[in-house]
Amino acid sequence: MTPLQEQLRERDRRVTELGRYEEKLELKEGDPIRFELLYSKIVQSVTSAHEVARLVSASPMSRELGEIIFGLYTPEGDAVALSRGLLIHVHTMSRMIKWMIEQGYEDDPGFAEGDYYFNNDPYIGGAHCPDQMIVTPIWWEGDLVGWAGGLTHTPETGGSEPGGFIPFARSRFDEGLFLPCVKVAENDRVKRDLEVLVERGIRSPIFWLTDNRAKITGAQIIRTEVKGLIQQFGVDFFGKACREYIEDTRLAAQQRIRKVLHPGVYREVGWRGSVMPGSETLLHGPVAMTVTREGRLVFDYEGLSPAGKHPFQGTLPTIEGLVMNVAIQHLFYDLKHNEGVLLAVDLKVPEGSAGNPPSIFYPTALWGITYGVGLASGQAISRAYYANGYREEVHATSALSSAYTAGGLDQYGRPFGAHNFEFAAAGLFGTAVMDGLDTAGVEFNPEGEMGDAEIWEQILPPMYLAREIHTDGGGYGKYRGGNGVQSLYLVWGTKDIEIGGFGAAPIYSAPGLMGGYPAGALYMWVGSRTNIRQLIAEGQPIPSGEGEDPASPDFVRMVEGRWELIPGHNRIGRPAREGDLFTAMTGDGGGFGDPIERDPALVRRDLENLVTTPWTARHVYCVAIDPESLEVNQEETERLRQARREERKRTAVPAQEYKARQREVLLQNDLAKPTARMYHGVLGSSEAFRRAFAEFWELPDGWQMNDPDGESEEVA
Amino acid sequence: MPENPDQLIRDLLRGRLSSLEIERLQRQDKDAGRARQILRLEQERLGWSDPILLCLQEHLYVVEQADGSRVVRCDCGQEFGDYRRNWKEAALVHERDGSDGEVHRGPRIADPGWSILREFYCPGCAAQLDVEVVPRAYPFIFNFQPDFADRPEAEEAERSGL
């Protein structure tokens, strides 16, 4: 056993037996000023790494959008402090370091000063192929005293489709170039043969290569700063303080849970789907969150769909990262972000499920259902806040992610491949006290930006004809979800380009909360052989967006061409010509509360800002408003709302009657294939779900869900 | 952190705070007495003789009746039964497959083979209490079963025979 393996074993024993990371907080209690001073200086070091590194990179993901994070780790690989940025990766570099220790890397290939190890294998650490991290050991007088690391999301991976997000990947081998814990630099110098591998292995190597140098730069900054701090504070103080910071966070997290969340059991369900042709399957992401009286938070994902040959699933590190990301943003936002957060929470993820696949061959490019359960976990936390009265922390669901991908030759004649990432500024969730913010951010990166249109036009040939707030995108509610972005693009400047897209299944994209509606389904339009050049040449009006009716978009009405609608936003890359048009959208947030309780003044404000339509004002919010003056007619509004209440009573049925009808549908196995495949898979893999399902529907003994594909085989 | 002024919390409940005031509440150390304060303010507002034990969600409360039973009650007075059973079992239900075009329109309507909306209304006041996003034939989601400190689950279950 190597010395680090022994240290790791000892660390695990300490945590298991003591139930804590460090037995006593002697430094914190003995000299709290010095204790916090060192922490603030560590945070300064990871922050300056973050700020400098993003300027080293040529990738807009790192430079403009903030898809980058740095951290300091203990010798055993536990996070001590993280910079701002891509918080989903609170745990991913930890997992990478621990994996290398367990594999005996300390002996071979060794951890020398100036070595940099790279990883983008999500089964070791990370979420998918584009998440690329680097760590370097920090040595002090012959002892390894910590690790510095950085991570970026890189916009191209060399997969079977350009851009790294590959909605039709059937295995890991479609997803691009994986380098699992590979040494990419020695003696602080990048290895040239590695760069050649990347230059010839992916479509736009400049992003990968400059991201690599950015991470090495940042890790060097942390290493240098930490050595200065050790000089100043002493190596023993430094080592003990790092362990105490983790225990300090664990204790604070436990206290926070006890203070702000009501004990109980909370249940939510997230959904995604695989859109592989011929095996389209809804994916089930249930979460049962228990808040114990002692202040422990347990997330149980029993009933998660089984893994499959599609990329809408994630690895165990992904699900850990997503749940931690949600917990940090909504619960532990002001604590020291480190391993202590994880120690306060239990996760139960079934083996073989779409959050813990049975082998590394299962693709994970789109995360899919692991993002679904991550967001559903946030809903559960919201309900627990609500019960204790902290309404300012209660929110519906965040947006899904979707964008276009492209590859070929760019407008300068160079090979390229990338995805657009403006979904980092999707619509935020509606909350219990105010509307969701429009074009504001995403759950996985609280500081995300959409990036300037001009920057995207530099690295991707399509030009923006329009970039608009997605009118009525956010789920309707007393407080509506935030609207995302929808852009209309013109293919131009290249004769060799293919355009694809990624998103979700054709499901409602972001559920509402406590009576709020979900955001609508994602979709993409592609118009080929259009007359846009003729319209421009003749000075005719050209579309500036979707307009007021999504069923009849302005661009389809105004531009002649072969228009194709892609429900769900997943499109395999296909060649495009100059003059083709297409749209891409980010997701929108879910709504909160009953829409007919919405303050009419908010509806009027939205009309003034052109982010809702007169149709929605009248039909969904039941607000009578003059189309010219925008004056609200209060009496008529109350009449419309009363009529809606009466309509609800007329059209709805008592729950028991509804259940009796639905039971018949189920007994006749009369379900569409994506739904039937989901039930068949989950009922077969989760005994607990099967029991709960049979009990709810009072199913006869021996009842079984037909295998929808078995049937079709028999028919064939 | 001491309690915030009652008026501030009333305004929070009624959605009358500006985004800056909300941000201030989000940034401050959480006031430990908030749950008690909200229960007191809601009790005053609703004027019920039965004590409110918990704000379950929009419109719904767990109250303790004179006989010691704890039930889910809507602010309109409609009751939904024991809090340990899913209140949705006593609601009105409307399943919406999107084809009516009354909520989402055009391509924003999900494919009903994947996803439908299930709306739950209060039988008393017709408030829309929840909208589930589920596939057909999915069991009702039991969103929240509270654990009350004065009622250990095992003892409670034994007493009620549930």
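The values are calculated or read from the model by the stated rules, or taken from the named source; none is laboratory data. Bear in mind that the values here come from a model prediction, so they are computed numbers and not experimental data. Cβ coordinates were reconstructed from backbone atoms using ideal geometry, including for glycine residues, and neighbour counts include every protein chain displayed. Surface areas here come from the heavy atoms of the whole protein model, side chains and all, with no ligands, DNA or RNA. Shrake-Rupley method; radii C 1.70, N 1.55, O 1.52, S 1.80 Å.
Would the stretch B:127-146 turn up any residue that is at pLDDT below 95, more than 7 Å from chain A (Cβ to nearest Cβ) and assigned to a loop (DSSP other than H, G, I, E, B)?
Restricting attention to the stretch B:127-146, the residues satisfying the condition of being at pLDDT below 95 are none.
Within the stretch B:127-146, none of the residues are at pLDDT below 95, more than 7 Å from chain A (Cβ to nearest Cβ) and assigned to a loop (DSSP other than H, G, I, E, B).
Residues of the stretch B:28-60 being more than 23 Å from A:Pro263 (Cα to Cα) and among the charged types (D, E, K, R), which ones?
Step one: filter the stretch B:28-60 for residues more than 23 Å from A:Pro263 (Cα to Cα), giving B:44-49.
Correct list: B:Glu44, B:Arg45.
If the condition is being surrounded by fewer than 19 Cβ atoms within 10 Å (Cβ to Cβ), assigned to a helix (DSSP H, G or I) and out of contact with any strand residue (DSSP E or B) (no Cβ under 6 Å at 6 or more places or on another chain), then the stretch A:230-250 contributes A:Gln231, A:Gln232, A:Phe233, A:Asp236, A:Phe237, A:Gly239, A:Lys240.
Going through A:Ile124, A:Ile166 one at a time, which residue ends up being at pLDDT 95 or above, out of contact with any strand residue (DSSP E or B) (no Cβ under 7 Å at 6 or more places or on another chain) and not small (Gly, Ala, Ser)? Reasoning before the result, please.
Details: A:Ile166 fails: at pLDDT 95 or above.
Just a single option satisfies the conditions, and that option is A:Ile124.
Beta carbons closer than 9 Å, at least 6 apart along the sequence or on distinct chains, pair a first residue in the stretch B:43-56 that is away from every other protein chain (no Cβ under 14 Å) with a second that is of a type in the set (Val, Ile, Thr) for B:Leu46/B:Ile52; B:Trp48/B:Val63; B:Asp50/B:Val63; B:Asp50/B:Val71; B:Pro51/B:Val63. In the stretch A:508-520, is there at least one residue being over 25 Å from the mean Cα position of the chain (by Cα), at pLDDT 95 or above and within 12 Å of chain B (Cβ to nearest Cβ)? So far as the stretch A:508-520 goes, no, none of its residues is over 25 Å from the mean Cα position of the chain (by Cα), at pLDDT 95 or above and within 12 Å of chain B (Cβ to nearest Cβ). Is it the case that the stretch A:478-485 has a residue that's crowded, with 24+ Cβ neighbours inside 10 Å, at negative phi, at pLDDT 95 or above and within 8 Å of chain B (Cβ to nearest Cβ)? Taking every residue of the stretch A:478-485 in turn, at least one turns out to be crowded, with 24+ Cβ neighbours inside 10 Å, at negative phi, at pLDDT 95 or above and within 8 Å of chain B (Cβ to nearest Cβ). Residues of the stretch A:391-415 that are surrounded by 24 or more Cβ atoms within 10 Å (Cβ to Cβ), of a type in the set (Phe, Trp, Tyr) and over 21 Å from A:Gly568 (Cβ atoms): none at all.
Close contacts from the stretch A:671-700, counting a first residue that is over 19 Å from A:Arg661 (Cα atoms) and more than 9 Å from chain B (Cβ to nearest Cβ) and a second that is crowded, with 19+ Cβ neighbours inside 10 Å and among the polar types (S, T, N, Q), with Cβ to Cβ under 6 Å and a gap of 6+ residues or different chains, come to A:Arg677/A:Thr281; A:Gly681/A:Ser305; A:Val682/A:Ser305.
Taking A:Gly589, is it more than 13 Å from chain B (Cβ to nearest Cβ), modelled with pLDDT of 95 or more and open to solvent by less than 10 Å² (accessible area, probe 1.4 Å)? Full working, then the answer.
Values: more than 13 Å from chain B (Cβ to nearest Cβ): yes; modelled with pLDDT of 95 or more: yes; open to solvent by less than 10 Å² (accessible area, probe 1.4 Å): yes.
For A:Gly589, the condition - more than 13 Å from chain B (Cβ to nearest Cβ), modelled with pLDDT of 95 or more and open to solvent by less than 10 Å² (accessible area, probe 1.4 Å) - is met.
Does any residue of the stretch A:429-451 turn out to be among the aromatic types (Phe, Trp, Tyr), under 28 Å from A:Ile572 (Cβ atoms), assigned to a loop (DSSP other than H, G, I, E, B) and in contact with a strand residue (DSSP E or B) (Cβ under 8 Å, 6 or more places away or on another chain)? Scanning the stretch A:429-451, I find no residue that is among the aromatic types (Phe, Trp, Tyr), under 28 Å from A:Ile572 (Cβ atoms), assigned to a loop (DSSP other than H, G, I, E, B) and in contact with a strand residue (DSSP E or B) (Cβ under 8 Å, 6 or more places away or on another chain), so the answer is no. Being within 11 Å of chain B (Cβ to nearest Cβ), in contact with a helix residue (DSSP H, G or I) (Cβ under 9 Å, 6 or more places away or on another chain), in a loop (DSSP other than H, G, I, E, B) and in contact (Cβ under 8 Å) with a residue 24 or more places away in the chain, is that true of even one residue in the stretch A:316-337? Yes, some residue in the stretch A:316-337 is within 11 Å of chain B (Cβ to nearest Cβ), in contact with a helix residue (DSSP H, G or I) (Cβ under 9 Å, 6 or more places away or on another chain), in a loop (DSSP other than H, G, I, E, B) and in contact (Cβ under 8 Å) with a residue 24 or more places away in the chain.
So, A:Thr471, is that one modelled with pLDDT of 95 or more, out of contact with any Ser or Thr (no Cβ under 6 Å at 6 or more places or on another chain), closer than 26 Å to A:Ala576 by Cα and assigned to a loop (DSSP other than H, G, I, E, B) or not? I'd like the intermediate steps shown before the answer.
On the way: modelled with pLDDT of 95 or more: yes; out of contact with any Ser or Thr (no Cβ under 6 Å at 6 or more places or on another chain): yes; closer than 26 Å to A:Ala576 by Cα: no; assigned to a loop (DSSP other than H, G, I, E, B): yes.
Against the criterion (modelled with pLDDT of 95 or more, out of contact with any Ser or Thr (no Cβ under 6 Å at 6 or more places or on another chain), closer than 26 Å to A:Ala576 by Cα and assigned to a loop (DSSP other than H, G, I, E, B)), A:Thr471 does not qualify.
Of these, A:Thr637, A:Thr612, which one is within 27 Å of B:Cys122 (Cβ to Cβ) and within 14 Å of chain B (Cβ to nearest Cβ)?
Working: A:Thr637 fails: within 14 Å of chain B (Cβ to nearest Cβ).
Just a single option satisfies the conditions, and that option is A:Thr612.
Filtering the stretch A:175-217 to residues that are assigned to a helix (DSSP H, G or I) and open to solvent by 40 Å² or more (accessible area, probe 1.4 Å) leaves A:Arg192, A:Asp193, A:Val196, A:Leu197, A:Glu199, A:Arg200, A:Ile206, A:Arg213, A:Thr217. Within the stretch A:25-43, can one find any residue that is touching a helix residue (DSSP H, G or I) at 6+ places or on another chain (Cβ under 8 Å), of a type in the set (S, T, N, Q) and modelled with pLDDT of 95 or more? There is no residue in the stretch A:25-43 that is touching a helix residue (DSSP H, G or I) at 6+ places or on another chain (Cβ under 8 Å), of a type in the set (S, T, N, Q) and modelled with pLDDT of 95 or more.
Taken over the stretch A:402-428, the criterion of being assigned to a loop (DSSP other than H, G, I, E, B) and within 16 Å of the chain's Cα centre (by Cα) is satisfied by A:Ser402, A:Asn420, A:Phe421, A:Ala426, A:Gly427, A:Leu428. Just to be sure, is B:Cys74 modelled with pLDDT of 95 or more, more than 9 Å from every other protein chain (Cβ to nearest Cβ) and in contact with a Leu (Cβ under 9 Å, 6 or more places away or on another chain)? Yes.
Does A:Thr281 satisfy being within 14 Å of chain B (Cβ to nearest Cβ), under 27 Å from the mean Cα position of the chain (by Cα) and hydroxyl-bearing (Ser, Thr, Tyr)? When the stated conditions are applied, A:Thr281 passes them.
Any residue that is within 31 Å of the chain's Cα centre (by Cα) and more than 24 Å from A:Ala219 (Cβ to Cβ) - is there at least one of those in the stretch A:1-14? Yes; the residues of the stretch A:1-14 include at least one that is within 31 Å of the chain's Cα centre (by Cα) and more than 24 Å from A:Ala219 (Cβ to Cβ).
For the condition among the small types (Gly, Ala, Ser) and away from chain B (no Cβ under 12 Å), A:Ala241 qualifies.
For the criterion of being in the same structural domain as A:Asp496 (by TED's automatic domain parsing) and within 28 Å of A:Val260 (Cα to Cα), A:Glu443 passes. Listed by position, the strands (runs of 3 or more DSSP E) inside the stretch A:42-127 whose residues that are of a type in the set (Val, Ile, Thr) and within 23 Å of A:Gly176 (Cα to Cα) number at least 2 are A:68-73. Within the stretch B:38-49, not a single residue is open to solvent by less than 40 Å² (accessible area, probe 1.4 Å) and either under 13 Å from the mean Cα position of the chain (by Cα) or closer than 27 Å to A:Ile507 by Cβ (or both).
When you check A:Tyr412 against the structure, is it among the aromatic types (Phe, Trp, Tyr) and either within 14 Å of chain B (Cβ to nearest Cβ) or in contact with a helix residue (DSSP H, G or I) (Cβ under 9 Å, 6 or more places away or on another chain) (or both), yes or no?
No; evaluated as a whole, the condition is false for this residue.
I want to confirm something. Restricting to the stretch B:87-114 and keeping residues that are under 11 Å from A:Ile507 (Cα atoms) and of a type in the set (A, V, I, L, M), which single residue is nearest to the other protein chains (Cβ to nearest Cβ)? Per the criteria, the residue is B:Ala110.
On the basis of being touching a helix residue (DSSP H, G or I) at 6+ places or on another chain (Cβ under 8 Å) and among the charged types (D, E, K, R), does A:Glu22 make the cut?
Details: touching a helix residue (DSSP H, G or I) at 6+ places or on another chain (Cβ under 8 Å): yes; among the charged types (D, E, K, R): yes.
Answer is yes for this residue.
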